[in-house]
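Here the structure is laid out as structure tokens; the discussion comes afterwards.
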Amino acid sequence: MSTLFTRRKVLTGMSLLGLGLLAGCDNSPRLNFKYGKDLSDKIMGRTFKLKNTEGETVTLSSFRGLMPVVFFGFTQCPAVCPTTLARAAQAKKLMGRDGEIMQVIFITLDPERDTPEILDKYVKAFDPSFEALYGTPEEIAVAAKEFGIFYEKIPAGDTYTLSHTATSFVFDTRGNLRLGLSASLTAKECAEDLLTVMEVC
């Protein structure tokens, strides 16, 4: 039987310092995460501009009121990308109704092969609410640099694969970067830290 997390349970486990942070969003630069990396003092990802699979231009402000979880990858990724997206879908379920505010955003690092149709089918196989973004190689490079993402093509026979940063970046509902989730964390660990972000904003 899976464990269902709630914001109340997370609150119960927070320290007094963490409780003091609930007063406001902009005035709480440090959060008490148990598993992920606190990125509240970083300014990253605020000005990216890409397209969704319907061809609409999307920026970070397009997701205001939601909790964006941004991950860079590619659809032909053999392990890290599908594992990360499956983990995000599981974490969302563990969060119960609170998970409805979580918005996973998958940004392709392989626009040459990842068409809008392929991207849409790929992310929605994990969860219907997940969104995928794409752009020209130049636009992707700009967005990746803004997040500090490393990526490079690795020859593989007559084709190629990609080596890339596997961090998921979590923003609060006001568009402030809060949390970095490494690929090594479990869905339960991610869910708990995601709920901590929600308690602050």
Do you know which of the residues in region 31-50 that are of a type in the set (Lys, Arg) and touching a strand residue (DSSP E or B) at 6+ places or on another chain (Cβ under 6 Å) is modelled with the lowest pLDDT? LYS42
Quick one: which residue in ILE140, ILE107 is buried (at least 19 other Cβ atoms within 10 Å of the Cβ), in a helix (DSSP H, G or I) and modelled with pLDDT of 95 or more? ILE140
Among the listed residues GLY24, GLY18, which satisfies the condition of being more than 18 Å from VAL170 (Cβ to Cβ), among the small types (Gly, Ala, Ser) and at pLDDT below 95? GLY24
Among the residues of region 169-182, is there at least one that is within 28 Å of ASN32 (Cα to Cα) and free of Cβ contacts under 8 Å to residues at least 40 places away in the same chain? no
Does region 67-85 include one or more residues that are modelled with pLDDT of 95 or more, crowded, with 16+ Cβ neighbours inside 10 Å and hydroxyl-bearing (Ser, Thr, Tyr)? yes
Among the candidates PRO78, PRO68, residue that is in contact with a helix residue (DSSP H, G or I) (Cβ under 9 Å, 6 or more places away or on another chain), within 27 Å of GLU117 (Cβ to Cβ) and not β-branched (Val, Ile, Thr): PRO68
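The values are calculated or read from the model by the stated rules, or taken from the named source; none is laboratory data. Values in this document were obtained by computation on a predicted structure and should not be read as measured data. Using ideal geometry, Cβ is built from the backbone for each residue, glycine included, and neighbour counts are taken over all protein chains shown.
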